[in-house]
Structure formats: structure tokens, C-alpha cells
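The values are calculated or read from the model by the stated rules, or taken from the named source; none is laboratory data. Everything quoted here is computed from the prediction, not taken from an experiment. Positions of Cβ are backbone-derived with ideal geometry, glycine not excepted, and every protein chain shown enters the neighbour counts. Keep in mind that these areas ignore ligands, DNA and RNA; they rest on the heavy atoms of the full protein, side chains included. Shrake-Rupley method; radii C 1.70, N 1.55, O 1.52, S 1.80 Å.
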Amino acid sequence: MPSSSSRKGSTAEREVVKIAQAHGMPAQRAYGSDGRALGEASTVDIMVGEYRVQVKRRAKIADYVFPPEGADVTAIREDRGEWHIVMTLEEFLKLIGAYTE
């Protein structure tokens, strides 16, 4: 029987796939959360269109990571690291939907 942490992760992955599909995006979960089942890196949990996604679900995420009211995204990076964008799943699906339709 899978651990509760593993169950929580699998549930989150299936939830993101269902949301993407409800938005008309092709999406699928890698068997066993291992992207190699989809021909990708082992760290890939799901594919949404051509995008490789690793899904994380946490009890609490630092507030500064979320886009504040009035902003669409948050840009973050570690010192001497790469920039990353944080946005809602809905915004992400709208953005990639515009390019894949």
C-alpha cells in the first residue's frame, strides 16, 4: 500500500491532468510518477501538451511565492540562479492554450 505522501502526490497529479483536460488541453500522467514511462526525464510527473510538469503539493507554501493581488505572476530566483515564473494553473493553461490551439 502506498504511503499517504505518495497517495497525496498521485492525487494532485491526477487533479492537474483533469483540470488541463477540462480546458481542452491534452494531458496525461506518467505511470508511477516516472516520466520515463512517457519517454521523458524521471522527474516529469505529467505532460500538458508539450510541457513537462513536475507536480508538488504542500501543506503550506511561503506567501511571497504567490502573485499578489493585482499581479498575474511572480518572478523569483535564487542568487546567481535562473529566473522562474509562478502563476496559477488557470493562467498557465490560458497562456499555453493560446499557442497550442
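General observations
- Contact map, segment 35-51: residues that are free of Cβ contacts under 8 Å to residues at least 24 places away in the same chain and within 22 Å of residue 95 (Cβ to Cβ) paired with residues that are part of a helix (DSSP H, G or I) and of a type outside the set (Lys, Arg), Cβ distance under 6 Å, separation 6+ or inter-chain. Pairs shown: 44/35; 47/38.
- On inspection, residue 79 passes the criterion of being more than 28 Å from residue 21 (Cβ to Cβ) and either open to solvent by less than 70 Å² (accessible area, probe 1.4 Å) or out of contact with any Cys (no Cβ under 9 Å at 6 or more places or on another chain) (or both).
- Residues of segment 1-17 satisfying the condition of being open to solvent by less than 60 Å² (accessible area, probe 1.4 Å), of a type outside the set (A, V, I, L, M) and under 11 Å from the mean Cα position of the chain (by Cα): 13
- Residue in segment 18-33 that is open to solvent by less than 60 Å² (accessible area, probe 1.4 Å), without any contact (Cβ under 8 Å) to a residue 12 or more places away in the chain and either closer than 25 Å to residue 97 by Cα or not in a loop (DSSP other than H, G, I, E, B) (or both) present: yes
- Positions within segment 75-101 being β-branched (Val, Ile, Thr) and under 23 Å from residue 15 (Cα atoms), in sequence order: 85, 86, 88, 96, 100
- Residues that are small (Gly, Ala, Ser) and out of contact with any His (no Cβ under 9 Å at 6 or more places or on another chain), drawn from segment 58-101: 59, 62, 70, 71, 81, 98
- Yes/no for residue 61 being closer than 24 Å to residue 97 by Cα and not basic (Lys, Arg): no
- Residue ID - nearest to the chain's Cα centre (by Cα), chosen from residues in segment 36-69 that are open to solvent by less than 100 Å² (accessible area, probe 1.4 Å), among the small types (Gly, Ala, Ser) and modelled with pLDDT under 95: 49
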